[in-house]
Ligand code: KIV
Ligand code: NA
């Protein structure tokens, strides 16, 4: 397969072919995404929580995100690679946004960056696009500013708040974003917004009317404990399988069932004789 390009995503929207996006944060998850044939891989700042163990996405640094993006890049050939600009890395000025985004492109080999609607996002997106950096937008539930939104909850559930989401989406589209994520908004609101969206829209908890879907790798594979958000569909329970695997190994070591002869090396008897003499 040839690497996925921005025009190809636009073409998929035109043809009504759903776009598949998934997050990845390291080499093995990237290899899985590559082999599974997804279109877009996002090094999401959700990695702050899924792989770095922070309580939210807010504390993750650019350096940490760059390390995750570099590892992901090494496992990918085909999907478009998008990296999240973390909280505090692009808001202060257009200059700051361009410097941070350039690091993701140059050091990590990202194809594009993503930023969350937050009051200055459209202005920053325009500056990035003018600097030649492809930008994906993100509206609705924006975890970097979840405190101001009243926590991790669905957005756009009143007429006023649905209009806020619509304004954010249109501003990011107007600013030149090649695609936008709609997160956790009522499906009816997403459907109406779709009439105004000219760029591919990737939904997560936004219903079936969007041009594609995205899920967090660890959520869809059940690599973390707990139920997760309403929109998560679990396709595997790897956390439980991993615990069972490590537990079986521990049990084998403690009962001396591992290692067995098959797992050990041998030495030529003559060499062994010389060694032990
Ligand atoms: O960080 C992330 O995983 C995301 C997706 C949920 C869109 O931003
Ligand atoms: Na994110």
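The values are calculated or read from the model by the stated rules, or taken from the named source; none is laboratory data. The structure displayed is predicted, hence computed values, not measured ones. Because the Cβ atoms are built from the backbone with ideal geometry, glycine has one as well, and the counts that use them run over all protein chains shown.
Among the residues making up the range 75-99, those that are outside any loop (DSSP other than H, G, I, E, B) and under 25 Å from residue 39 (Cβ atoms) are 80, 81, 82, 83, 84. Residues of the range 54-74 that are surrounded by fewer than 19 Cβ atoms within 10 Å (Cβ to Cβ) and assigned to a loop (DSSP other than H, G, I, E, B): 54, 55, 56, 58, 59, 61. In the range 149-191, the qualifying residues are those that are exposed (fewer than 15 other Cβ atoms within 10 Å of the Cβ) and in contact (Cβ under 8 Å) with a residue 24 or more places away in the chain, and the one that is nearest to residue 42 (Cα to Cα) is 152. Do the conditions hold for residue 24, that is, is it closer than 20 Å to residue 138 by Cα, free of Cβ contacts under 8 Å to residues at least 60 places away in the same chain and under 14 Å from the mean Cα position of the chain (by Cα)? So residue 24 fails the test.
Each row is one residue, and each column tells you yes or no for (1) within 16 Å of ligand 2 (Cβ to nearest atom); (2) within 22 Å of residue 80 (Cα to Cα); (3) in contact with a strand residue (DSSP E or B) (Cβ under 7 Å, 6 or more places away or on another chain).
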site: 164; (1), (2), (3): no, no, no
site: 172; (1), (2), (3): yes, yes, yes
site: 207; (1), (2), (3): no, no, no
site: 211; (1), (2), (3): no, yes, yes
site: 214; (1), (2), (3): yes, yes, yes
site: 218; (1), (2), (3): yes, yes, no
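Looking across the range 24-44, the residues that are within 13 Å of ligand 1 (Cβ to nearest atom) and within 23 Å of residue 194 (Cα to Cα) come down to 40, 41, 42. Of all residues in the range 32-53, those satisfying the criterion of being assigned to a helix (DSSP H, G or I) and more than 13 Å from ligand 2 (Cβ to nearest atom) are 32, 33, 34, 35, 36. None of 214, 227, 246 is in the same structural domain as residue 159 (by TED's automatic domain parsing), out of contact with any helix residue (DSSP H, G or I) (no Cβ under 7 Å at 6 or more places or on another chain) and exposed (fewer than 13 other Cβ atoms within 10 Å of the Cβ) except 227.
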